[in-house]
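Values quoted throughout were computed directly from the atomic coordinates according to the rules given, and no laboratory measurement underlies them. Everything numeric here is computed off the predicted structure, so don't read it as measured data. Backbone-built Cβ (ideal geometry, glycine too); neighbour counts: all protein chains shown.
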Amino acid sequence: MKSSSLTQALYRKLLNEEDARVCKSIAPEACHEVPGNFLRLIFTHFLSKLGDACANPKIVLPWLLESLAAPAYLLGFLVPIRESGSLLPQLVLASYVRRLPIRKYAWSLGALLQGVCVLAMAAVAMLLEGAAAGFSIVGLLVVFSLARGLSSVAAKDVLGKTIPKKRRGRVNGWSASAAGLVTVVLAVVLIMQQGSDNELKSATLLLILAGGLWLLAAFWFLRVKEYAGEVSGGGNALTEAIKRLNILINDAPFRRFVIARALLLCSALTAPYYVALGQQHLSGQSALLGYFILASGLASLLSAPFWGRFADVSSRRVMIWAAIISAGLGVVVFLLDVFEVGLAQLFMLPLLYFLLTVAHQGVRVGRKTYVVDLAEGNRRTDYVAVSNSVIGLVLLLMGASGVLASNLGYGAAILALSMAGVAGAFMAYRLPEVG
């Protein structure tokens, strides 16, 4: 069934091009489904990102644990579990996903499990408290992250099979922009509810909303028109995963990409230090956290479409420029901190955080588009799984070293991570063009 005229018109509008039917690097029979799939993928990614915003492990889950009087040390496990838990198992999960000729079902299963886990967290919030509630939520977060890993492995492969090159970056860009809009709304709600006595109720309602969004996303992704692709047989999943690590040894462009991606983590890892500096220089400003969230949402809303379009021209150059911006901002913040200039102004650090988030969006859109364009077929699935598993391990290691780095002072930690960003820009410069 071919896409409707309305779908075609909206597709061309989003691409802003005269000829929006360029089909390269996908199966010929999938070509006429591109407009419809483009819109379905954007909407599904929007739903999932909205679910992420409503169950944000940096805001909503800590808020919930504090309201339930859970042990304070559990707060430190939320973000590492959320990120690394979804990345590390992908090397094994890919062995199962690659056997499926139609892989959208794997993504929908992962989304369904995520929705169920988040709804279960809401139930915990209504029924339990203290340590029992805290450990239950952390345990559900582990399952949530594993399900997220399953969806992540399948997502990029479905994108590569259904959307041609020069179009994929804008799928990521428009969906991230929509997520930024929602984050802005959530930030305004948080600012308006400062000092509210209904913190537990608000967090529980957000989790119920997030769970519903994930379930809707699971259903909507099944509407993607995906044609059967390559499959490879058998063997033990862990054995196959270990064998697949040889890609890092034998494939030099991919190896350089993984090294560059690891170094480009600086754009994400420096963000908490910006917030910590704000708390240090502006203690007592209750609305500051809301302004940081507002800055993050606006940055995603305004910058993601630009980065997506730029990534369709050269995802390699997107990574280079985003890394340079992130590293340059780190140097500026370090100097302002050392000389104690400007950081006591309420809007200074949120403004710098806005620019950092713009750069981070570039890193995310650039590296996602690059790895999809770097390979075809099952090779793409292997690339995604290996790189995500390696980055999951790097995240755990860098998270542990962050405790030592924070002892040097927040500004010094930002500077050290920014130097890693400079190295990441250099490694990205050495990558081949793939668009």
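Computed values, structure above
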quantity	calculated
Proxy reagent accessibility, fewest Cβ within 10 Å first, across SER136, SER315, SER303	SER136, SER303, SER315
Residue order, fewest to most beta carbons within 10 Å, for TRP321, TRP214, TRP107	TRP321, TRP107, TRP214
Under the Karplus curve 6.51 cos²θ - 1.76 cosθ + 1.60, θ = phi - 60°, whole-Hz ³J(HN,Hα) for segment 310-319, x wherever Gly or Pro sits	4, 5, 6, 8, 7, 5, 4, 5, 4, 4
Calculated FRET efficiency for the pair LEU302/VAL189, C-beta based, R₀ 35 Å, to 0.05	0.95
Ascending count of other beta-carbon atoms within 10 Å, so fewest first, for TYR370, TYR410	TYR410, TYR370
